[in-house]
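Just so you know, all these numbers are worked out from the coordinates, no wet-lab data involved. Predicted model, so just to flag it, every value in this text is computed and none were measured. In this analysis, Cβ positions are derived from the backbone assuming ideal geometry, glycine residues included, and neighbour counts consider all displayed protein chains.
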Amino acid sequence: ESTMVFENETIFREKTTGDEMYFIHSGVVEIVVSTPSNERATYLAIGDGCYFGDVSLLLGIQRTASVESKTQCMLYRLKKKNLLSLLKDYPSVESKMIELAKRRRKRLAHHLDPQYVWLEPDEEVDAEDSRTDLFGVDAKKIKNDKDNDFNMERIHSGIKPRRTLTKNGKGSRRRNATVTKEELPSVRRSGLRKLF
């Protein structure tokens, strides 16, 4: 089933029982973990085409991390009973997903305690997530790019762009401060209802 998650929402929390996993259709989420000193730290940001929540479902353990939306996200949610029922018909996919879940768990354990959990060279990068366009990209850059794309779509539609924050955290006083006329080469300026 599809579900919309807004920016800065917690999708699920670490150390809770997992009964569903998610596939990201669009948007960016951050995998957040509790460090040994009980601080919260971002472990990884993933986006379009990635999935998460599989470790708890497939390995029968509590959630190993929390997941928070960095942008507005369109997700597809799959319940545990539906996943397990589906995987019965595809044993090769099931074994691949279980192996991937074990590697994800081990990579996270290594991230939290690298002196005691060792990784083999082929375990250092997530083989599934690394195939997506957003893998390894800074979450703040992704969010900024998505916000800019959203504002460009609004301008192309004749709608005022969303107000953006400046470095000092206050909104810009200049209307359409993030967009200039030169950034609109594909739109005929006469068709814009005097946005500038």
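Please go through the range 1-99 and write out the chymotrypsin sites (Phe, Trp or Tyr not before Pro) that DSSP classes as loop and that have at most 16 other C-beta atoms within 10 Å.
6
Given +1 on the Cβ of Lys and Arg, -1 on the Cβ of Asp and Glu, and no further charges, what dipole in debye does the range 19-110 carry about its Cα centre, rounded to the nearest 20?
On the way: 15 positive and 10 negative charges, 54 e Å.
The calculation lands at about 260 debye.
Return the loop-located GluC sites (Glu not before Pro) in the range 21-94 (DSSP other than H, G, I, E, B) with at most 12 other Cβ atoms within 10 Å of their own Cβ; answer none if there are none.
39
Principal axis lengths of the range 51-123 from Cα atoms, whole Å, largest first?
38, 34, 21
Taking θ = phi - 60°, what integer Hz values does the Karplus form 6.51 cos²θ - 1.76 cosθ + 1.60 yield along the range 146-159, in sequence order, with x for Gly and Pro?
Once θ is set to phi - 60°, the couplings for the range 146-159 become 5, 4, 5, 4, 4, 5, 5, 4, 5, 5, 4, 8, x, 10 Hz.
Going 7 Å from the Cα of residue 117 toward and past its Cβ, which residues in the range 53-67 have a backbone nitrogen under 14 Å from where you end up?
From the range 53-67, the list is 55-56, 61-66.
Quick one: of 70/160; 88/146; 15/81; 70/102; 96/146; 15/80, which pairs are farther than 28 Å apart, Cα to Cα? Walk me through the numbers before you get to the answer.
Values: 70/160 23 Å; 88/146 38 Å; 15/81 20 Å; 70/102 25 Å; 96/146 32 Å; 15/80 17 Å.
Violating the 28 Å limit, Cα to Cα: 88/146; 96/146.
Take the Cβ-Cβ distance between residue 156 and residue 74 as r, set R0 to 22 Å, and report the resulting FRET efficiency rounded to the nearest 0.05.
Approximately 0.60, to the nearest 0.05.
Quick check on the range 1-129: take the gyration tensor over C-alpha atoms, sort the square-rooted eigenvalues as a ≥ b ≥ c, and tell me if it's rounded (a/c under 1.5), prolate or oblate.
It comes out oblate by the Cα gyration axes.
When a/c reaches 1.5 or more, the comparison of a/b and b/c decides; with that in mind, is the range 31-84 rounded, prolate or oblate per its Cα gyration tensor?
It is oblate, given that a/c is not under 1.5 and a/b is not larger than b/c.
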